[in-house]
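None of the figures in this text is laboratory data; all of them are computed from the coordinates on show. This is a predicted model, so every value here is computed, not measured. Cβ: placed from backbone, ideal geometry, glycine included. Neighbour counts: every protein chain shown.
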């Protein structure tokens with residue numbers, strides 16, 4: 001590719017065009033011709049690279065954007081991939097903390113799923129989250145075993161209430177989670193009920209008070 005590019009740049013413009021239009025050369029160098037051109041965007045300091053945008057040479061459509069770490073522009077932070085026809089984002093690969101891949105619907109641009117990989121081994125899947133296109137909320141979570149291939153648990157979530165509606169383990173047995181019972185203590189639940197003897201003593205006391213015409217306001221505390 002570098003050899004062909006060098007030849008193209010060394011030739012005059014007309015010859016360069018003829019070289020590009022030559023069918024035999026296109027077949028010969030089909031694997032060497034660059035498919036994209038790059039546009040480098042620098043940060044405000046003018047030195048460190050913020051992102052590199054790649055465009056399809058023939059259509060001019062953006063096909064890829066590579067974002068670099070703010071403190072180290074040699075380290076990739078994330079990569080956005082775009083549909084070559086529509087130019088809409090279809091995938092984002094994140095490398096912050098651990099590798100994860102966000103996939104988007106090419107027509108609506110809404111997120112379809114997120115694939116999370118193992119922190120220690122990015123070839124193994126740890127979990128997959130699927131989203132509802134209408135609300136954008138998570139509706140399914142699939143948790144994988146340590147091998148990164150076998151599904152261990154599948155949780156389904158209602159996008160409106162955001163509550164788990166079903167839970168399926170690797171034995172294909174499902175159940176609906178039971179809401180924990182809410183225990184409410186009433187203000188009179190802790191009052192001790194008087195026994196029969198105490199009730200009789202209280203009744204006699206009240207009778208004696210009334211018999212002696214004693215008013216309650218005259219009783220000193």
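Relative to the present Cα-Cα distance, how much length would full extension add between residue 108 and residue 71 at 0.36 nm per residue of separation? Each step should come with its number before you reach the end.
Numbers: separation 37, 0.36 × 37 = 13.32 nm, distance 3.38 nm.
Result: 9.9 nm gained on full extension.
Taking the number of Cβ atoms within 10 Å of each Cβ as an exposure proxy, the fewest-first ranking of 103, 35 is 35, 103.
Between residue 97 and residue 119, the modelled label-to-label distance comes to 0.9 nm, taking each label 7 Å out from Cα in the direction of the beta carbon. With neighbour counts taken as other beta-carbon atoms within 10 Å, the residues 56, 121 rank, fewest first, as 121, 56.
Remark: spin-label model distance residue 162-residue 38 equals 4.2 nm, labels positioned 7 Å along the Cα→Cβ axis.
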